[in-house]
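The values are calculated or read from the model by the stated rules, or taken from the named source; none is laboratory data. Just so it is clear, the structure is predicted and the values come from calculations on it, not from any experiment. For neighbour counting, all protein chains shown are included, and Cβ atoms are generated from backbone atoms with ideal geometry for every residue, glycine included. Accessible surface is based on the protein model in full, side chains and every heavy atom, while ligands, DNA and RNA are left aside. Shrake-Rupley method; radii C 1.70, N 1.55, O 1.52, S 1.80 Å.
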Amino acid sequence: MKHVVRLTVNGAEHDLLVRSEETLLETLRDRLHLYGAREGCGVSVCGACTVLVNGEPVSSCIQLTRLVDGGSVETVEGMASPDGTLHPLQEAFLEHGALQCAFCTPGILLTAKAILERDRDIPEEELHDLLSGNLCRCTGYEKIRQALRAVRARL
Amino acid sequence: MPLTVVGTSVPIAHGIEKVNGSLTYTINLELPGMAHVKILRSPYPHARLVRVDAGRAERLRGVAAVLTRDDLLRWDIDPYYGPMVRDQPIVAIDKVVYAGEPVAAVAADDLQTAEQALDLIEVEYEPLPYVLDPIEAMRDDAPIIHERLREHSTGFEDVKSVHWGVGRNVCSYSRVRRGDVEQGFREADLIVEGEYRTPVQQHCALEPHAAVARVRDDGAIECYTSTQNPSIVRDGIAGIFKLPLSKVRVMAPYLGAGYGAKTYLKAEPITCALAKKLRGRWVKLVLTREEVFLTVTRHAAIVRMRTGFRKDGTITAREATAWFDAGAAADVGPRTAKNGGYSMCGPYRIPNVKFDTYNVYTNKVPSGAFRGFGVAQVSWAYEQQMDEAARRLGLDPLEIRRRNIARDGDRFSTGQVFEGVAFSECLEAVARELGWDRPKPAPRGTKSYGRGLAVTVKSSITPSMSSAMVKMDEDGSIEVLTSSVDMGQGCETALAQIAAEALSLPLERVKFYPPDTDVTPYDQGTQSSRCTFTVGTAVGRAAAEVREQLLRLASEQLEARVEDLYLEGGHVVVRGAPERRISYEDLIRRKYHMRVGTLVGRGELKTEGGLDRETGQGIASAWWLQGAVGAEVEVDTETGAVRVLRLVGAANAGKAINPLLVEGQIEGAMGQALALTLYEEMVFEGGQVANPNFLDYRLPTVVEAPSELRAVIIEKPHPVHPYGAIGCGESVVPPTAPAIANAIADACGARVISPPITPEKILRSIREGRPV
């Protein structure tokens, strides 16, 4: 069975015909060719598939697209400004070497963005708690922490 | 001339694509008319394959083809592959040897159809007894897993010293004999004995294995794949399908990490076989996380070690036996076991050694290359023994290591003389950074604090070979062509820096060409931390060839001797007369009298070595990975909970081409090794993997990371590399686990000899007063 769904993705409206069991991750990658969200585990633990739905971090790998009909989705592709200026988080990650293979990076950037936009001065321990849904296997998290510390002043 | 690019922390290449999500991983590839693959896998760890009937699946609408053993037997191919022993069939043929082994594969118009088709494939198994432990697998009554051992026809030179098939289910065996251990033990005042086990664990690279392939009308194969070894994959596919290398093209986009999981043939054989069945149509395979757990693991190992110490802590002898668990296929295991085996001496002076190392088949997922490569499994043993000896002799753990540490002129277990090594510098650096001399925190309530050290040595594949080309365009820009694969470690960045420095060009004028075996020259693989050293040297030599051509052209055009010329900022300049200079662009234009032309340089490095089959003596490594780690932990003696508070790692980088990236490697290696030490274990029940997913196989998050994770870069250069650099991506993996174990023992006396170090094991060790 197929469903008609309207999604606003990074500010652009899309009318899509999706399968019942289709996940938001499949819709974003296979229909809209937005590859920033990717599947790392398929069970919403690793966070590589994280996108923001109505401002909240969501594991798109288990999110049914038809259940976010009418919603607003933000992916990493929408983080930089239209003229290409990187978001301060993106810049901070590059400057501090807070990424290696970068498979986890979009998910971490979006989650951090959502948290810090809501509360720029959130205590580090709480920030880390809220980032515990985003795994990184390459960096050991050290430079990610340093980038997050440094970026607060620029937000 | 002072370095301008090498040694600076330039931003990682393709940084913008990495942060805006547009970096191309293999999983992103969409090619016209692509078919999607799903694999049917054996639920049995060992069984005869009685019947495989894909008829109903083939007739399902949307299914393009189903691959079974019938195809493999029908075609003129060699359906078995493996880098050292050809013991892996593309899909199972007469039997299955591990739960998860591919039995059939479907290519369909979409994944849902492919998934449905799996249920329609009829398979009949006749279960056989199975064995999961390598020591048990060697017993006379153990089931035989591979009736016949087939060697690879183009074997790697370094593996020629192993013995094949010595004993029941023994894939390979290697040994080291040096000095007289019995005499050494007679001279000892203390003998420390123990058994140390490492479980089956998984790399957990976040990007799963993926391959996209097509077979053209002329039979040529094109394959995009997330591999660390494009050249070797090409050779492997050509070997299976009996094609000349020129008819196989392997391209490696960026990898979402590898850590060794993506070495040698993995997703490619099935994908190419299905592509062969669907002549002309692209076929794409992406493994699920569960399937990644069923594809390759880190070798489990059992090490029994006996070390003799004098009263003053110096080691007189070491005798050890190691059993590496190959799983159901050899993969690179013969090398893992050999290298882990001879590394049992550690970075210490031990005149008398007797090592026996077995690489044994079991009915489990095949083990393969994993960052640390057998050394972590043995350093887990020897670095805990050092602390045990220190405790019993009343010596400080740092002091006992100082009294044994190997320096230039000392010998490795294979008799090879160490040159340019910095084991001592690494050890002292972590001791200093950890504050070894300062008192550790006092216990608070049920919380105790402890510190631990470890220092290790690892070899890198020797002999090995890498080649590179540098192509200069008519405007003086260059392309660097190598088959090195960037998986986040930053080899593209570092190699570009080397080429830029060698040719005095700004980085904007240097392009790193993505690995493509049609174009990029042979490289033995992005593994063994070898890229910076081996490929870096090849790139340096290729750039030097281009430099020679530029100097000769300039010598003519500027009417100066070659000896009086140097390169600076994209120009050739006359020494002492800097106004007499000419740009590369002008040099080339004047050569051809128009704006046309190309200069090409090529370079290579082939390292030499080899070991005696009986004594294991000889050259093991062209260069060494040297690393040390210091750990500070908090243990709650009531609950057994451990928190790693501080981890400091030091590695010799020779010369850090890009210090920020080198730090990333050291920090990341410790982070990964910390996870392996405290949290990870693949559990087998009834021969099946019980936890092949991230819900049950838990990786640490940012919350569990130590509050202090620090990298110290040591620079003691190597003479071969143009800038003295050596690799260090793996250097601090082996010392991390024992440093943590030693810190835990220091905190509360608990000694755990098998990771993961869980609270339960700590409490049991405290209660029972013995190693657990």
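Conditions (1) within 30 Å of A:Ala98 (Cβ to Cβ); (2) not in a loop (DSSP other than H, G, I, E, B), marked per residue:
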position	(1), (2)
B:Gly601	no, yes
B:Gly616	no, no
B:Gly654	yes, no
B:Gly664	yes, yes
B:Glu681	yes, no
*Being touching a Leu at 6+ places or on another chain (Cβ under 8 Å) and either away from chain B (no Cβ under 12 Å) or at pLDDT below 95 (or both) is the filter here, so list the residues in region A:33-69 that pass it.*
A:Leu52, A:Val53, A:Pro57, A:Val58, A:Ser60, A:Gln63, A:Leu64, A:Thr65, A:Val68, A:Asp69
*Give me a count of the residues in region B:166-210 that are open to solvent by 60 Å² or more (accessible area, probe 1.4 Å) and in a loop (DSSP other than H, G, I, E, B).*
6
_Members of region B:345-383 that are touching a Lys or Arg at 6+ places or on another chain (Cβ under 7 Å), open to solvent by less than 10 Å² (accessible area, probe 1.4 Å) and closer than 15 Å to B:Glu195 by Cα_ = B:Phe355, B:Thr357
*Kindly establish whether A:Leu109 is in contact (Cβ under 8 Å) with a residue 12 or more places away in the chain, in a loop (DSSP other than H, G, I, E, B), within 13 Å of chain B (Cβ to nearest Cβ) and buried (at least 17 other Cβ atoms within 10 Å of the Cβ).*
no
_Please determine whether any residue of region A:13-25 is part of a strand (DSSP E or B), out of contact with any Phe, Trp or Tyr (no Cβ under 7 Å at 6 or more places or on another chain) and within 11 Å of another protein chain (Cβ to nearest Cβ)._
yes
*Can you tell me which residue within region B:442-473, out of those that are without any contact (Cβ under 8 Å) to a residue 12 or more places away in the chain and of a type outside the set (Lys, Arg), is farthest from B:Gly536 (Cα to Cα)?*
B:Gly445
*Where B:Trp75 falls short, out of the listed (1) under 30 Å from B:Lys242 (Cβ atoms); (2) more than 14 Å from chain A (Cβ to nearest Cβ); (3) surrounded by fewer than 17 Cβ atoms within 10 Å (Cβ to Cβ); (4) in contact with a strand residue (DSSP E or B) (Cβ under 8 Å, 6 or more places away or on another chain)*: (4)
*Could you figure out which of (1) in a helix (DSSP H, G or I); (2) at the interface with chain B (Cβ under 8 Å from one of its Cβ atoms); (3) under 14 Å from the mean Cα position of the chain (by Cα) isn't true of A:Phe103?*
(1)
_Failed item, numbered, when B:Ser9 is tested on (1) more than 10 Å from chain A (Cβ to nearest Cβ); (2) buried (at least 16 other Cβ atoms within 10 Å of the Cβ); (3) over 18 Å from B:Ala105 (Cβ atoms)_ = (1)
*Among the residues of region B:701-729, which ones are within 14 Å of another protein chain (Cβ to nearest Cβ), in a strand (DSSP E or B) and either open to solvent by less than 60 Å² (accessible area, probe 1.4 Å) or free of Cβ contacts under 8 Å to residues at least 12 places away in the same chain (or both)?*
B:Glu708, B:Leu709, B:Ala711, B:Val712, B:Ile713
_Of all residues being among the aliphatic types (A, V, I, L, M) and within 14 Å of another protein chain (Cβ to nearest Cβ) in region B:730-743, which is surrounded by the most Cβ atoms within 10 Å (Cβ to Cβ)? Just the residue, please._
B:Val732
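Listed here are the residues, each with its yes/no results for (1) in contact with a strand residue (DSSP E or B) (Cβ under 8 Å, 6 or more places away or on another chain); (2) within 14 Å of chain A (Cβ to nearest Cβ).
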position	(1), (2)
B:Gly609	yes, no
B:Ala620	yes, no
B:Val633	yes, no
B:Leu647	yes, yes
B:Asn658	no, yes
B:Tyr679	no, yes
*Could you look through region B:312-343, keep only residues that are closer than 26 Å to B:Glu388 by Cα and among the aliphatic types (A, V, I, L, M), and pick out the one that is nearest to the chain's Cα centre (by Cα)?*
B:Ala337
